[in-house]
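The values are calculated or read from the model by the stated rules, or taken from the named source; none is laboratory data. Since the structure is predicted, the reported quantities are computational estimates derived from the model, not experimental observations. All Cβ positions, glycine included, derive from the backbone under ideal geometry; neighbour counts span all protein chains shown.
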Amino acid sequence: MSEAARGPGLIEIDVREFGGKKDGVRQESNDRLFFQLFVFDAAPGQSGDAVAKQLGELLTARNISGVVYADANGPRGVGLLTWSYEPTHFVENVRPLFAEPGLIDVTFREDFTMLGRTYSLGYEPDLAHVLFTRPVNNVLDEKLGWHVWYPLRRNGAFAKLSPDEHGAVLKEHAVIGFSYGQAGLAHDVRLACHGLDAKDNEFVIGIVSDKLHPISHLVQTMRKTRQTSEFISQMGPFFVGRVVHRTVGPSPVPPSA
């Protein structure tokens, strides 16, 4: 965008996501994938398992991509994860699910509502894979039945770091996460939620595994990093879900990708 196009005194704004170069050209995308998590309790007199079953059937009938969870920390608790590159999907398709009998009387646990968007770090070798394919593959992998989701917020001191310090802090975190993934212990879904979270959190993190212990171990290991120990001002609450239903709906990749 030229200075003239911006207008005098205005800053240049670029909302694209960037990756590394492919065939000599830096990858870019103006699309991203949105994920939304709802957590709620079945109404008194209802079984959480019955509500989860009904919700899974509705997702299948309406061709909505999603994951339904049994809440490991709540006997009547249920979680619903859905995604789309078009955020109106959550209002037009997901929201009406809770007008159905059996779902209209559930009690939402608002602290566990999470909404975020995929993002890039700027050097990914396959930008489309990072933004659209990898996160969906992780949550839909039939072998990975344990999912933990939580929001977090950094403090202002992190933003004041020099570019070199900033990179070193993020690299330490990334190396740990990549190591767990390469070992087949746990995989993550990283979402930005600036301005999308009721409590001003900045990121939503999902960690998925075939066992619960490696997820807890990864979170424990991350606590020792400089980013977590010095620059995280708020983390959680943590939703611990066991997958009871998955629906594979429309492709998560936008036509422009």
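Points to keep in mind about this one:
- Check on Arg117, surrounded by fewer than 13 Cβ atoms within 10 Å (Cβ to Cβ), touching a strand residue (DSSP E or B) at 6+ places or on another chain (Cβ under 7 Å) and of a type in the set (Lys, Arg): no
- Filter result for Gly206 (surrounded by 19 or more Cβ atoms within 10 Å (Cβ to Cβ) and either in contact (Cβ under 8 Å) with a residue 40 or more places away in the chain or more than 28 Å from Lys143 (Cα to Cα) (or both)): yes
- In segment 8-35, the residue that is farthest from Ala257 (Cα to Cα) out of those that are exposed (fewer than 10 other Cβ atoms within 10 Å of the Cβ) and among the small types (Gly, Ala, Ser) is Gly9.
- Of all residues in segment 88-127 being among the aliphatic types (A, V, I, L, M) and under 16 Å from the mean Cα position of the chain (by Cα), the one that is farthest from Ala198 (Cα to Cα): Leu121
- If the condition is being of a type in the set (Asp, Glu) and farther than 23 Å from Phe40 by Cα, then segment 194-249 contributes Asp210, Glu230.
- Per the listing Asn63, Asn73, the residue uniquely at positive phi and within 21 Å of the chain's Cα centre (by Cα) is Asn63.
So that you can scan it fast, the table gives a plain yes or no per residue for (1) part of a loop (DSSP other than H, G, I, E, B); (2) surrounded by fewer than 21 Cβ atoms within 10 Å (Cβ to Cβ):
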{"site": "Leu37", "(1), (2)": "no, no"}
{"site": "Gln46", "(1), (2)": "yes, yes"}
{"site": "Ala50", "(1), (2)": "no, yes"}
{"site": "Leu55", "(1), (2)": "no, no"}
{"site": "Leu59", "(1), (2)": "no, no"}
{"site": "Asn63", "(1), (2)": "yes, yes"}
{"site": "Ala70", "(1), (2)": "no, yes"}
{"site": "Val78", "(1), (2)": "no, no"}
{"site": "Asn93", "(1), (2)": "no, yes"}
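- Sole residue being modelled with pLDDT of 95 or more, touching a Lys or Arg at 6+ places or on another chain (Cβ under 7 Å) and either in the same structural domain as His147 (by TED's automatic domain parsing) or more than 23 Å from Asp126 (Cβ to Cβ) (or both), chosen from Ala99, Ala52, Ala43, Ala70: Ala70
- When the criteria are applied in full, Gly236 meets the requirement of being modelled with pLDDT under 95, under 19 Å from the mean Cα position of the chain (by Cα) and surrounded by fewer than 18 Cβ atoms within 10 Å (Cβ to Cβ).
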